[in-house]
Amino acid sequence: MNDTTSRPALPDRLSGHPNSPHHIAEIFDHSIGIRLNGKERFDIEEYCISEGWVKFPSPKAKDRRGQPLLITLKGTVEAFYK
């Protein structure tokens, strides 16, 4: 059973934070994966394929609102449905 037709197309840029203008709730109804330089990452908060970066939360550092600071890594980004 292949349900790829019911999945929305993955955008060039996507954020997991609901207040972001790049957050698309319908995408998160499905399980997605991110590869950075050929290695799958499970802690990605935001990505941009065309600019080649991903952001993930810092384990300890917090901003002034108590949210984790986001660390940026650059490379070849691939987004896919699991």
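The values are calculated or read from the model by the stated rules, or taken from the named source; none is laboratory data. Please read all numbers here as calculations on a predicted model, not as lab measurements. As a convention, Cβ positions derive from the backbone with ideal geometry for all residues, glycine included, and neighbour counts pool all protein chains shown.
Pairing residues of segment 12-41 that are in contact (Cβ under 8 Å) with a residue 60 or more places away in the chain with residues that are surrounded by 16 or more Cβ atoms within 10 Å (Cβ to Cβ) and aromatic (F, W, Y), at Cβ distances under 9 Å and at least 6 apart in sequence or on separate chains, gives L14/Y47. With the condition kept exactly as written, say whether any residue in segment 22-39 is in contact with a Gly (Cβ under 6 Å, 6 or more places away or on another chain) and of a type outside the set (A, V, I, L, M). Looking through segment 22-39, at least one residue is in contact with a Gly (Cβ under 6 Å, 6 or more places away or on another chain) and of a type outside the set (A, V, I, L, M).
If you filter segment 32-50 down to residues that are acidic (D, E) and touching a Leu at 6+ places or on another chain (Cβ under 9 Å), you find that the one that is surrounded by the fewest Cβ atoms within 10 Å (Cβ to Cβ) is E45.
Evaluation of H22 against the conditions (1) outside any loop (DSSP other than H, G, I, E, B); (2) in contact with a Ser or Thr (Cβ under 8 Å, 6 or more places away or on another chain) shows that the sole unmet condition is (1).
Within segment 35-59, the set of residues being charged (D, E, K, R) and out of contact with any Phe, Trp or Tyr (no Cβ under 6 Å at 6 or more places or on another chain) comprises R35, K39, E40, R41, E46, E51, K55.
Identify, please: which residue in segment 65-82 is assigned to a loop (DSSP other than H, G, I, E, B) and modelled with pLDDT of 95 or more and is, among those, surrounded by the most Cβ atoms within 10 Å (Cβ to Cβ)? Filtering first and then ranking leaves G75.
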